[in-house]
């Protein structure tokens, strides 16, 4: 069984919602990848008795706990004091920590406030974790069953201290056998439809199946035990791939570089040395923004009005056949431009429909390439932000499907 790990975040700003606890998500992902079973995330405000009670609880139920926050110089930074009182460990002055804190101010030509001296007080027996990115040293110690690591809550400092000090300590202290997570990333198909398609596939009880929907993709997750046979793993993944087909744009966890939709397209466009021009309407510039900095995107234009676009390009608008209009726009741009591909996105629906979350717009995407013209049509509903994002993604997905499969 994997060792258990808890994440404990301190700060009134986290409990009240003024600050989003991104530290806990970041730490959890890395702990799971190392082989820990993350059992709890707990946030506590700046209340000494609550901190003391939680520390005592964790010490007897978890193998490890990573604590963030509460190491600053002000009166609401209570972590060291809480640890001292929870475990009857007097605070001791650490000369090295104090010298490091003073140096932080000296090299910045700033005077050190007297309150920063507090940060050099560490519980007796704790091992100092040096902090070269701020004034708050971290510390670690073993209490009862649990090994605690206390690190600053400032995300930049927290990440440096975890990667350089805490993670190596975890690897040496615990026998870790990380499970293997395979993620199939899809677009254009929902969670329920995915589950229905793969329902006939027998998933072994030792393999954990899960789903995660985000604004940019739907993920089918398979968590395999660390000792699951490679041949059987690949076989199960292949069965699911066969059912989901070209909806899959990337697979994480098989040793190949992977990422989001734009990352996948970027790799394919670079490999084939293609260039692209884009015309977008419903996505209102978001499609181009998603491709920010990509050398293969040579030309972009956004038009709110189809009539203005048609007038600029001297193209006739056929409201009864927007696919034909999109093809005409693509052809005109291809003739006057210098890109290999032209991707055109049009939609039907007036301004009121576009803003009404209960009404759908119809997207018409056309991709003109050297070997033909490819198109897809989609109905998209929801708030205007969703329509905008889906319009950008579905147009890009037409390009991705052509590059990967020429299958739509």
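Measuring from label point to label point, each 7 Å out along Cα→Cβ, what is the residue 26 to residue 92 span in nm?
For the pair residue 26/residue 92, the computed spacing is 3.1 nm.
Quick one: among 107, 151, 129, which has the greatest mean-square fluctuation in a GNM of the chain with alpha-carbon springs under 10 angstrom?
Sorting by GNM fluctuation, first place goes to 107.
Given a Förster distance of 51 Å, report the FRET efficiency between residue 406 and residue 205 from their Cβ-Cβ distance, rounded to the nearest 0.05. List each step's numbers first, then the result.
On the way: r = 39 Å, r/R0 = 0.76.
So, using R0 = 51 Å, E works out to roughly 0.85.
At a Förster radius of 41 Å, what calculated FRET efficiency corresponds to the Cβ-Cβ distance of residue 273 and residue 238, to the nearest 0.05? All intermediate terms of the calculation are to be shown ahead of the outcome.
On the way: r = 30 Å, r/R0 = 0.74.
About 0.85, to the nearest 0.05.
Does anyone have the angle between helix 95-106 and the longest principal axis of the chain? Alpha-carbon axes, 0 to 90°, nearest 10?
50 degrees
If you work out log10 I(q)/I(0) by the Debye sum over Cα atoms at q = 0.06, 0.11, 0.12, 0.14 Å⁻¹ from the coordinates, which of (i) -0.38, -0.93, -1.00, -1.12; (ii) -0.48, -0.95, -1.03, -1.20; (iii) -0.53, -0.98, -1.06, -1.23 do you get?
(i)
Averaging over every viewing direction, what projected area does the convex hull of the Cα atoms of the range 180-256 cover, in nm²?
Here the figure is 4.9 nm², rounded to one decimal.
When the chain is modelled as a GNM with alpha-carbon springs shorter than 10 Å, which of 37, 325, 316 fluctuates the most?
Checking each option, the largest mean-square fluctuation is seen for 316.
Given the range 4-173, report the % of alpha carbon pairs whose separation exceeds 29 Å.
In whole percent, the share of Cα-Cα pairs in the range 4-173 beyond 29 Å is 13.
State the antiparallel share, in %, of DSSP beta bridges confined to the chain, rounding to the nearest 5.
Of all bridge pairs located within the chain, approximately 65 percent are antiparallel.
Would you calculate the separation in nanometres between label points at residue 308 and residue 227, each defined as 7 Å from the Cα along the Cα-to-beta-carbon direction?
Computed distance between label sites residue 308 and residue 227 equals 6.6 nm.
Mind listing P(r) for the range 262-404? All alpha-carbon pairs, 5 Å bins, whole percents.
2, 11, 22, 25, 21, 13, 6, 2, 0
In deg cm²/dmol and to the nearest 500, what is the mean residue ellipticity at 222 nm of the chain if only DSSP H runs of at least 4 residues count, each as -39500 (n - 2.57), divided by the residue total?
Theoretical 222 nm ellipticity from helices: -11000 deg cm²/dmol.
Return, ordered by residue number, the residues of the range 112-147 whose backbone nitrogen is under 15 Å from a label point located 7 Å along Cα→Cβ of residue 172.
So the set is 127-130, 140-142.
Taking the chain as a Gaussian network, where each spring joins two C-alpha atoms under 10 Å apart, which residue of 138, 70, 125 fluctuates the most?
Among 138, 70, 125, the largest mean-square fluctuation in the Gaussian network model of the chain belongs to 125.
FRET efficiency for residue 189 and residue 385, Cβ-Cβ distance as r, R0 = 30 Å, nearest 0.05? Spell out each step's value before the answer.
Working: r = 21 Å, r/R0 = 0.70.
The computed FRET efficiency comes out at 0.90.
For the Cα atoms of the chain, what angle does the longest principal axis make with the long axis of helix 230-244, in degrees from 0 to 90, nearest 10?
Roughly 40 degrees between the two axes.
Using the basic label-point model (7 angstrom from Cα toward the beta carbon), what is the residue 47 to residue 321 distance in nanometres?
My value for the distance between the label points is 7.0 nm.
Could you give the angle, 0 to 90 degrees to the nearest 10, between helix 322-336's Cα long axis and the longest principal axis of the Cα atoms of the chain?
Helix 322-336 sits roughly 90 degrees off the main axis of the chain.
We did not get these values from a lab; they are worked out from the coordinates using the rules stated. Small disclaimer: the values here were computed from a predicted structure and weren't measured. Cβ sites come from the backbone with ideal geometry, for glycine too, and all protein chains shown count toward neighbours.
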